[in-house]
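Input: a single structure, listed below in structure tokens.
The values are calculated or read from the model by the stated rules, or taken from the named source; none is laboratory data. Computed from a prediction, not measured in an experiment: that's the story for all the values here. Methodologically, a virtual Cβ is constructed for each residue, glycine included, from the backbone with ideal geometry; neighbour enumeration extends over all protein chains shown. Accessible surface areas use protein heavy atoms only, side chains included; no ligands, DNA or RNA. Shrake-Rupley method; radii C 1.70, N 1.55, O 1.52, S 1.80 Å.
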Amino acid sequence: MKTKMLFRSISVILFLAGISINAQSQRGNIQGVISDVNGIYLPGANVFIPELNKGAISDFDGLFNILGVPEGTYTVQISYLGYEDVEQDVIVNPGRTSTLKVVMTSSSMDLQEVQVVGWGPGSQARALNTQKTNINITNVVSTDQIGKFPDANI
């Protein structure tokens, strides 16, 4: 009786291990590289598969890996600050690694108008003008400049 029970326990364990191995073999990986149109790698790009709520971040060389992706076809969303978002479809086969090469284009904004506002000469310019036009030899320093000296005890 104990031998039958032990045999059944071992059979159940082997059966469950077989299911686990079979489930793992039906998964694949996605790897890729992200760059801009000039071939410069984009570190820190966000790579996301919304259907699985799974993603990765590209490393210093623009490389990313998403491991353990179930078999199927997915849309991968890639985003990077200052660049247009990219969506690419990828087919994941069991036990294989699918490769993506993503080239992102920078997003631009057209401005209607640019205004440049300037200010007139400050107290330092007045101090230099006073020094220049003075009859005697003098050294004039504005209070703004005195505040910038390491020793304000002038």
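Below is a table of values for the structure above.
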{"item": "The listed residue being open to solvent by 70 Å² or more (accessible area, probe 1.4 Å), modelled with pLDDT of 90 or more and out of contact with any Ser or Thr (no Cβ under 7 Å at 6 or more places or on another chain), out of N22, N65", "result": "N65"}
{"item": "Matching residues in segment 68-98 - criterion: being in contact (Cβ under 8 Å) with a residue 60 or more places away in the chain and open to solvent by less than 100 Å² (accessible area, probe 1.4 Å)", "result": "V90, V92, N93, P94, G95, T97, S98"}
